[in-house]
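First the structure, in the form of structure tokens, and then the observations on it.
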Amino acid sequence: YLLKPAEPERVATDCQRLRERLRQAPDPMTDLLAQLSQRLGASGAKPREYLRWILASVGATIRMIPTSDILFFRAEDKYTRVQTPGFEALIRKPIKELIDELDPGEFWQIHRATVIRVDAVEQVSRNLRGQQVVHVKGRPERLEVSRSFSHLFRQM
């Protein structure tokens, strides 16, 4: 640290001394990144795999639904409703478990009971109470966004 009043010559010598110390000291971030990449390389870690298909019951049949076809998931009683453009289906997996298995770049949780595919969002508006509401492409449903997840739709 420098004592006041700081003289220009003293500031210059202290800056020079600090530069030399920084040049001699190892960079802790570089060391940390090197250790981390070495550990990952040694363990053979693979990128995380996310769900690509959902097995869901539609009436008396079971369908394999690609996640790219799903508009949103909504918790209903002890089931989770899977909504696609053409039909809806039910699965027994709770939203809490489901959100961990879905790609966070593709699906966003907007409420404790609702997860939506980002590409399925047509627009976001506000209702009379000031809450954000998601309009789903090609569907009449309006999905409320809880305050906990409203940061997802703040203007950039």
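Among the residues in the stretch 126-142, are any assigned to a strand (DSSP E or B), free of Cβ contacts under 8 Å to residues at least 24 places away in the same chain and under 22 Å from residue 77 (Cβ atoms)?
Within the stretch 126-142 (the criterion being assigned to a strand (DSSP E or B), free of Cβ contacts under 8 Å to residues at least 24 places away in the same chain and under 22 Å from residue 77 (Cβ atoms)), the answer is yes, since at least one residue qualifies.
Please find, among 128, 102, the residue that is surrounded by 15 or more Cβ atoms within 10 Å (Cβ to Cβ) and either modelled with pLDDT of 90 or more or more than 26 Å from residue 49 (Cβ to Cβ) (or both).
None of the others qualify; the one that does is 102.
Filter the stretch 107-125 down to the residues that are buried (at least 16 other Cβ atoms within 10 Å of the Cβ) and more than 20 Å from residue 147 (Cα to Cα) and list them by number.
120
Give the residues of the stretch 80-107 that are closer than 18 Å to residue 64 by Cβ and β-branched (Val, Ile, Thr), sorted by residue number.
Those that are closer than 18 Å to residue 64 by Cβ and β-branched (Val, Ile, Thr): 80, 82, 84, 91.
Going through 56, 89, 60, 75 one at a time, which residue ends up being modelled with pLDDT under 90, surrounded by 11 or more Cβ atoms within 10 Å (Cβ to Cβ) and at negative phi?
Numbers: 89 fails: modelled with pLDDT under 90; 60 fails: surrounded by 11 or more Cβ atoms within 10 Å (Cβ to Cβ); 75 fails: modelled with pLDDT under 90.
The unique qualifying residue is 56.
So, residue 137, is that one in contact with a helix residue (DSSP H, G or I) (Cβ under 6 Å, 6 or more places away or on another chain), open to solvent by 90 Å² or more (accessible area, probe 1.4 Å) and either modelled with pLDDT of 90 or more or not small (Gly, Ala, Ser) (or both) or not?
Answer is yes for this residue.
Can you name the residue in the stretch 75-92 that is in contact with a helix residue (DSSP H, G or I) (Cβ under 8 Å, 6 or more places away or on another chain) and not hydrophobic (A, V, I, L, M, F, W, C) and, of all such residues, is nearest to residue 53 (Cα to Cα)?
84
The values are calculated or read from the model by the stated rules, or taken from the named source; none is laboratory data. A quick note: this is a predicted structure, and the numbers were derived from the prediction, not measured. Positions of Cβ are backbone-derived with ideal geometry, glycine not excepted, and every protein chain shown enters the neighbour counts. Ligands, DNA and RNA are stripped out before the accessible areas are found, and what is left, the full protein with its side chains, is counted by its heavy atoms. Shrake-Rupley method; radii C 1.70, N 1.55, O 1.52, S 1.80 Å.
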